[in-house]
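Asker: The following block contains the structure, expressed as C-alpha cells.
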Amino acid sequence: MNLARRIRSWPVWMLMGLVVVVLLTIGTTRDDGPRTQSERIDAISKRVACPTCDGESVYVSRASAAESIRNQIARDVAAGALTDDEIIGNIAGAFQARVLLVPRATGLDALVWVLPIAVGVCAVAGLAAAFRRWRLQQGAVPSDDDRALVEELLAGGRIDDDEEVL
Amino acid sequence: MLGVTGVAGPLGRAALLVGLVGAVFGLVSAVTGTRQSDPKVLRLVPRFAWLTGIASLGAFVCMEWAMITRDFSLAYVQKVGSWSTPALYNFTAVWSALEGSILLWLMVLTFLTVGIAVKYRAKLDDPMVGWALATMFFVGVFFFVLTLGPANPFAAGPAGVLDGPGPNPLLQNHVLVVFHPPILYLGYVGFTVPFAFAIGALVTGRVGEGWLLETRRWALMSWGFLTFGIILGSWWSYEVLGWGGVWAWDPVENASFIPWLTGTAYIHSVLVQERRGMLRVWNLSLLVSTFSLTILGTFLTRSGVLNSVHAFSDGQIGPFLLTFFAVIVLASVVLIGWRGDLLRSPGTIDSPLSREGAFLANNVLFGVFAFVVLLGTVFPLIVEALQDRQLVVGEPFFDRLGVPVGLTLLFLMCVAPVLPWRKASGELLSQRLFWPAWGGTLALLVSVVVGATGIAPLLTFFLGGFAGGAALRQLALATRRQGLRGLVGRANGGMVVHIGVILIAVALAASNSFTRSQELTLKLDTPIEWGGHTFELVGFSREEDDRQTRISARVEVDGTERAPAVTKYLKMGNNIGTPSVLTTLTKDIYVTLEPPVKMDSGTAKIKVFVKPMIVWIWVGGAMMAVGTVLAMFPGRRRKPTDPVSAPVPEAAAP
C-alpha cells in the first residue's frame, strides 16, 4: 500500500471523525457567556410581530407601536422577574396571538409545522422508492427506446459537457 | 416646459396600445405561421417583436418624461412624483410603485422577445422557435393588458394636483434603488424564455434535449440576475433599514426567493437530462414552477392580499394575476400530460452515490425548501380564509425549518462535486473527499478556538470548510489541466458559485449567531467603551430642505467619525433611520441613531451592533455573479460516450 493510500486509510478517517465529534462537543457544551440585556431584548423582539406594520417583527420595525412593545419588553427584562416565554405570553395576551411570529403547534396553526415535515418525509420516501425501482430495473435488456437514445447521442454528438474529467 | 407636459399620458397610452396590437399580431402570426409553415407569415414575427419592444420602450420613456416634467395630470405621478425629489430618485420613482414596476417588467419582457427573435431569425421556420415566440407574445399580451387596464401608469388623475409625496422614503435614500429592481426583474422575467421553449418543446413533441441546449444559457443568465438582484436587495436592506439584518423573510423577499430555489434546482437537474436523458418531466415541471411562481409571487405581493414592508397594494390587479397563474399552470399540466408518453425517460439512475443521485437529492431539498417558504408565506392567508383571524409567520419559523435544509444542502455541496456520473466506489470517495474533509475539520477547529458555540453555526463552519475544499479541489484539478480555461464552463464556474454560496452561508451563520448589540446613551465628549470599542459623541449636524430634515449624530467609533442619522421626510411624516456601517474584513460595527433625537440635550441614544463576517456575504454574492458568468462560457468539450467522469484507475489498481 503506497503512502497516499495509507494516509487515507480508515483509521485516519476514524481519527478525523473523532476530532470532529470532540470539537462539536466542546463547542456546543461550553458556556458562551451571559447575554446582555440588550441582546435578550433583541431575542424576544424577534419573536413578536409589530401589530401595526406590514408583517415586520418588533425587532425590525421602527414604527411607534413596535417601539412601544420594545420598551415594554425592555422594562420586563430590566425587572428580571419573567422568562422570555412569559414576556411574550403577556404581549400575546394584550395584542392577541396575531403578534406571535412563531405559529403555535396547536389547532390549524400546527399545519404550518406538520406539512413541511410530511412533505419532506414523502419526498425522501419517494426518492428512496425511485432508487429501489431503478436498482431493480438494472440488468434488464435495453429497450428500443434505450438503443434509439444511445444512437441519437452517438450520431448527434451535441452534448457539450464540461464536467470533471480526471 | 409647460408645453410638453400633459403629452406623456396620451403618448404613453398610445405606445401601450400599439404594443398590445403588436403582441396580438405577433402571437397570431407566430401560431399561424408555425402551423401552416408559411415563411411569409413567419417573417413578420420579428417585426412584431420589434414593434412591441419599441412600443414598451416608448411607454417607458413617456413615463420617465412624465416624472421628469412632474406631469401631475397622471395619477401615477401624483402618487410617486414630487417637485422636491432629487433627480436620481425621481428617475427611479418610475418603478417605485405597482404600475411603473409592471411597466418595467413589460419592457424587459418585450426586449427578451426581441432578443429571441433576433437570435433565432435564421430558425424561424423551426416550429419549436415559433411556439416559443408565440408563448413570449402570449405573456406579452397579458402584461400589455395589465398596463392598459388595472395597472395603467398613464391613467389620468384628479385635476388640480400640483405636487405629490414622492416615492416611499426607503426608495429615495440609497443608490441601490437604481440597480436592485431592474436586475431582479431581469432574473424574474428572464425565466420566461426557458419556459417559452419548454412550451415549444411540449407543443411540438420534441421533448428530448434540444430545447435544453437552446435555453441553458438563458436559464443560467436569468438565474444569475435573480441571484445578484437578491444579494443587492439584501445589501440595500442592510444599509437602509437600520435593523442590522440582511434578510427578514418578508413576503416580497420570499416571492423572489421561491423561484430562485426552484430555478436553482432546475440548473442542477437539467445536467442530468443533458447527460442521461432522464428527469424530463421533472425539469419541465421545475421550469413551469419557476415561471408560474414569479407570477404567483407577483400576485401575493402586488394584489394586497399579503402585507409586506415593500408590497404595492392594489385591489384590482389580483384577479388578473391569479387567472393568468391558473392558465399557465393548467396549460402546462395539460401539455405535460398530453406528452406523457414521449416524456418517459428510458434510463435509470444506477446508484444514489453518483453525480445524478446527488443532483436528485439536491432537487428534493430545494423542492422542500421552496415548499416551506411558500407555505410560510401563504399560511396567514389560509388561516384568515378558514378562521377569519390574523396570523403572522415570521423569521423564527423560517429559521427553524430552513436551517436543517440549508445544512443538508451544504453537506451535498461537500460530496456532489467529487462524485462521478453513474456510480462511485468507496475507495474513490475516500480518495476525493479526504482533503476536503480535513479542510472542514480545520475550519471547525479554528471556529472552536476563536470561541464559536452552538451546533448549527459549528456545523455550518465544518460543512463550509468541507464544501469549500471540494470546490477548490475541482478548480485546482481543472486549472492544473487546462490553465485559466479551467475556470470556465458549467462545472468550474459552478464551483466558483459554490464558493460564493459557502461564503454567504458561513457569514450568515456567524452574523446571525454571534452578533453582539447594545444600546448606549452617549454624552458629548464622553467616551464609552463597549465590546472592545470606544464610542464618543462629538456633535450633531442638521440638514434641512423642502424634502427632509436630517439629524446626524457625529460619533467617533475607535477614533473614526461616523454619522448615523434620522431623516424625517416632511411630506410623509416618517422617521427613517440611516445606519452608519464601519466595515472590516472580520466584522462590521453598525451604529443606528435612535429617535427621538434631542440635539440640545447634548446626548444621543445609539444602538451598536457588532456583526461578524458581514462583508463576506457581499464577497460571496460577487463570487456567485462571477461564477455564473464563467459558467456561461463554453467549457471543455468531451465525448458524450464517456461512461463516467472519472475512470477511477486507482480503485482498480492492486
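Asker: Restricting attention to the range B:1-52, which residues are touching a residue at least 12 places away in the same chain (Cβ under 8 Å) and of a type in the set (S, T, N, Q)?
Answerer: B:5, B:29, B:34, B:37, B:52
Asker: Still on this structure, please answer the following. Kindly evaluate residue B:245 against the criterion of being open to solvent by 30 Å² or more (accessible area, probe 1.4 Å), closer than 30 Å to residue B:384 by Cα and within 14 Å of chain A (Cβ to nearest Cβ).
Answerer: So residue B:245 fails the test.
Asker: Just to verify a result, which residue in the range B:453-481, among those that are over 20 Å from residue B:411 (Cα atoms) and either facing chain A (nearest Cβ under 10 Å) or open to solvent by less than 50 Å² (accessible area, probe 1.4 Å) (or both), is modelled with the lowest pLDDT?
Answerer: From the range B:453-481, those over 20 Å from residue B:411 (Cα atoms) are B:476-481; that's our starting set.
If we keep only those that are either facing chain A (nearest Cβ under 10 Å) or open to solvent by less than 50 Å² (accessible area, probe 1.4 Å) (or both) too, we end up with B:477-479, B:481.
On the way: B:477: 92, B:478: 91, B:479: 91, B:481: 86.
Restricting to residues being over 20 Å from residue B:411 (Cα atoms) and either facing chain A (nearest Cβ under 10 Å) or open to solvent by less than 50 Å² (accessible area, probe 1.4 Å) (or both), the top hit is B:481.
Asker: Oh, and also: Looking only at the range B:556-602, count how many residues are more than 32 Å from the chain's Cα centre (by Cα) and free of Cβ contacts under 8 Å to residues at least 12 places away in the same chain. Working first, answer last.
Answerer: Restricting attention to the range B:556-602, the residues satisfying the condition of being more than 32 Å from the chain's Cα centre (by Cα) are B:556-561, B:570, B:595-602.
From what's left, free of Cβ contacts under 8 Å to residues at least 12 places away in the same chain: B:596, B:598, B:600-601.
Count: 4.
Asker: Right, next: Tell me, yes or no, whether the range A:61-82 has at least one residue that is among the β-branched types (Val, Ile, Thr), open to solvent by less than 30 Å² (accessible area, probe 1.4 Å) and within 10 Å of chain B (Cβ to nearest Cβ).
Answerer: There is no residue in the range A:61-82 that is among the β-branched types (Val, Ile, Thr), open to solvent by less than 30 Å² (accessible area, probe 1.4 Å) and within 10 Å of chain B (Cβ to nearest Cβ).
Asker: Checking residue A:48 against (1) surrounded by 24 or more Cβ atoms within 10 Å (Cβ to Cβ); (2) at negative phi; (3) in contact with an Asp or Glu (Cβ under 9 Å, 6 or more places away or on another chain), which single condition isn't satisfied?
Answerer: (3)
Asker: Being within 30 Å of residue B:169 (Cα to Cα), free of Cβ contacts under 8 Å to residues at least 24 places away in the same chain and either more than 13 Å from every other protein chain (Cβ to nearest Cβ) or open to solvent by 30 Å² or more (accessible area, probe 1.4 Å) (or both) is the requirement here; does residue A:55 meet it?
Answerer: Spelling it out, residue A:55 is indeed within 30 Å of residue B:169 (Cα to Cα), free of Cβ contacts under 8 Å to residues at least 24 places away in the same chain and either more than 13 Å from every other protein chain (Cβ to nearest Cβ) or open to solvent by 30 Å² or more (accessible area, probe 1.4 Å) (or both).
Asker: Could you list, in sequence order, all residues of the range B:335-367 that are more than 10 Å from chain A (Cβ to nearest Cβ), of a type in the set (S, T, N, Q) and open to solvent by 20 Å² or more (accessible area, probe 1.4 Å)?
Answerer: Within the range B:335-367, none qualify.
Asker: Being assigned to a loop (DSSP other than H, G, I, E, B) and open to solvent by 30 Å² or more (accessible area, probe 1.4 Å) is the filter here, so list the residues in the range B:393-432 that pass it.
Answerer: B:422, B:423, B:425
Asker: Within the range B:482-500, count every residue that is more than 13 Å from residue B:631 (Cβ to Cβ) and more than 11 Å from chain A (Cβ to nearest Cβ).
Answerer: 2
Asker: Quick one: which strands (runs of 3 or more DSSP E) lie wholly within the range B:511-568 and hold at least 2 residues that are open to solvent by less than 40 Å² (accessible area, probe 1.4 Å)?
Answerer: The qualifying strands (runs of 3 or more DSSP E) are B:516-523, B:533-544, B:548-557.
Asker: Within the group A:148, A:81, A:92, A:128, which residue is modelled with pLDDT of 75 or more, assigned by TED's automatic domain parsing to the domain that holds residue A:56 and assigned to a helix (DSSP H, G or I)?
Answerer: Values: A:148 fails: assigned by TED's automatic domain parsing to the domain that holds residue A:56; A:81 fails: assigned to a helix (DSSP H, G or I); A:128 fails: assigned by TED's automatic domain parsing to the domain that holds residue A:56.
Checking each option against the conditions leaves just A:92.
Asker: Can I ask one more? If I filter the range B:516-555 down to residues being acidic (Asp, Glu) and over 23 Å from residue B:612 (Cα atoms), which single residue comes out as farthest from the chain's Cα centre (by Cα)?
Answerer: First, pick out the residues of the range B:516-555 that are acidic (Asp, Glu): B:519, B:525, B:529, B:536, B:543-546.
Remaining after also requiring over 23 Å from residue B:612 (Cα atoms): B:525, B:543-546.
Numbers: B:525: 45, B:543: 35, B:544: 36, B:545: 35, B:546: 35 Å.
My answer is B:525.
Asker: Here is a further query. Identify, please: which residue in the range A:31-45 is of a type in the set (Asp, Glu) and open to solvent by less than 30 Å² (accessible area, probe 1.4 Å) and is, among those, modelled with the highest pLDDT?
Answerer: That would be A:42.
Asker: At least 2 residues that are surrounded by fewer than 20 Cβ atoms within 10 Å (Cβ to Cβ) in each: list the strands (runs of 3 or more DSSP E) lying fully within the range B:576-631 that qualify.
Answerer: In the range B:576-631, the matching strands (runs of 3 or more DSSP E) lie at B:580-583, B:603-612.
Asker: Identify, by number, the condition in (1) within 29 Å of residue B:503 (Cβ to Cβ); (2) in contact (Cβ under 8 Å) with a residue 24 or more places away in the chain; (3) of a type outside the set (Lys, Arg); (4) facing chain A (nearest Cβ under 10 Å) that residue B:380 doesn't meet.
Answerer: (1)
Asker: Still on this structure: Suppose the filter is without any contact (Cβ under 8 Å) to a residue 12 or more places away in the chain, at the interface with chain A (Cβ under 9 Å from one of its Cβ atoms) and in a helix (DSSP H, G or I); does residue B:447 pass it?
Answerer: no
Asker: Now for a separate question. At the interface with chain B (Cβ under 8 Å from one of its Cβ atoms) and in a helix (DSSP H, G or I): is that true of residue A:115 in this structure?
Answerer: Values: at the interface with chain B (Cβ under 8 Å from one of its Cβ atoms): yes; in a helix (DSSP H, G or I): yes.
Yes.
The values are calculated or read from the model by the stated rules, or taken from the named source; none is laboratory data. Owing to the predicted nature of the structure, the values given are computational and were not obtained by experimental measurement. Reconstructed Cβ throughout: ideal geometry from the backbone, glycine too, with neighbour counts over all protein chains shown. When the accessible area is computed, the model is the full protein with side chains, heavy atoms only, and any ligands, DNA or RNA have been set aside. Shrake-Rupley method; radii C 1.70, N 1.55, O 1.52, S 1.80 Å.
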